[in-house]
Every structure is written in structure tokens, then in C-alpha cells.
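Only one structure is covered here, and it is reproduced in the block below.
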Amino acid sequence: MDVNIGSCQALAHLICLNTIPNLVCHAIGKFNTVSNVGESYAIDTQTWECLAQQLTAATSTIPAAFGRQFRNLSTKMGLLVTEDWLNFLLYAARPIFATVYTTPETQPCLLLWDLLAETVEDCLLFSMCQTNVDAIACRFIQFVQGYEA
């Protein structure tokens, strides 16, 4: 039995519009209310700026028919829309965070980004059954519990 997948797609939209930018801001120390000083997931500003520039340059020659070019995530973060954050999560987050989360201490951070990307990607399935929806809910709970740990 198929379920109404509109709610899953809306959830993916909200995650990309709100959660992903906040997670990135938290990782790079620009989240206003919670400091990341001394945390294993913290990414210093210079490293983030370098990675953001590399991502922008790497996608600068992609034809428009294949999707949007990545904007610079260090200087134009406020201009990104849901589609930008979705593309970042699904296509760029893993390689970017894999370059900074390289130690055993930071490996759980990378695994959480993987879990979030896989879960959001499943929210975008064209058709799904109740089992898929239940699995998505469980993985979001797992992500939140892992992030808060």
C-alpha cells in the first residue's frame, strides 16, 4: 500500500531549509546560541572557506541543464535555497566532511552526515510504503539522538 509521500517530501524540504544550514553553522562556529569551541566536530574558518571555494570552483563548469552550481558556502550561505542545501547534503557533504572528519574521534560526525543524507534521500522517493515511512522516522530519531550525544 502506498502512502501519501507529500508529507515526507515536505519534511525533506524543511530539513534542507532549516536543519542543514543550522548544522553547518554550528560546525563552523557561526551558530549564535551554541558554541562549538573545543568540540570534535568544529571546523575552523580557514578550512571551511578553502573547502567552500573548492566546491564552488569544482562545479563552475557544470552545464545548467545538469543542475545548479554550488554557491560559496562561506560567503553566500544566506543566499542558498532548499535546492542548494539538498544538493549540498546529497552530493557534497560527504566528500567535504570526509576531508575534515578523519580521526576516530570525528568519525561519528561523518557517519551522522551520512545517515542524514540517506534519510533525506529516501524522503524523496517517488513511491513508498508505510515500511519506508517508518524506517525514515526511525533514522531521523537515530540522527537526533546521535547528534545530541
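Rounded to the nearest 0.05, what FRET efficiency do D44 and T82 give with R0 = 22 Å and r taken as the Cβ-Cβ distance? Could you check?
0.20
First select every other residue whose beta carbon is under 15 angstrom from the beta carbon of V100; then total the charges, Lys and Arg +1, Asp and Glu -1.
Local net charge: -4.
Rounded if a/c is under 1.5, else prolate if a/b beats b/c, else oblate: with a ≥ b ≥ c from the C-alpha gyration tensor eigenvalues square-rooted, which is the chain?
oblate
Sticking with the crude label model, points 7 Å out along Cα→Cβ, report the distance from T103 to E118 in nm, one decimal please.
Roughly 2.6 nm, to one decimal.
Report the label-to-label distance for L125 and K30 in nanometres (one decimal), using points 7 Å from each Cα along the Cα→Cβ vector.
3.5 nm
Out of the range 1-70, which chymotrypsin sites (Phe, Trp or Tyr not before Pro) are coil in DSSP terms and have no more than 10 other C-beta atoms within 10 Å?
Answer by residue number: there is no such site.
Measuring from centroid to centroid over Cα atoms, what is the spacing of the range 87-108 and the range 1-78 in Å?
Answer, in whole Å: 12.
Determine the calculated [θ] at 222 nm for the chain from helices alone, applying -39500 (n - 2.57) to every DSSP H run no shorter than 4 residues and normalising by the residue count; nearest 500 deg cm²/dmol.
It lands at -16500 deg cm²/dmol.
Is there a quick way to get the dipole size of the chain? I mean about its Cα centre, with the Cβ of Lys and Arg at +1 and of Asp and Glu at -1; what is the value in debye to the nearest 20?
400 debye
For the pair V37/Q9, report the inter-label distance in nm, with labels modelled 7 Å from Cα in the Cβ direction.
4.5 nm
Sorted by mean Cβ packing within 10 Å, highest first, what order do the peptides 78-87, 95-104, 18-27 take?
18-27, 78-87, 95-104
Can you bin the range 69-149 into rounded, prolate or oblate? Criterion: square roots of the alpha carbon gyration tensor eigenvalues sorted a ≥ b ≥ c, rounded for a/c under 1.5, prolate for a/b above b/c, oblate for the rest.
Oblate, because a/c is 1.5 or more while a/b does not exceed b/c.
A short reminder: the numbers here are calculations on the coordinates, not readings from a lab. Keep in mind that this is a model prediction, so the values were computed, not measured. All Cβ positions, glycine included, derive from the backbone under ideal geometry; neighbour counts span all protein chains shown.
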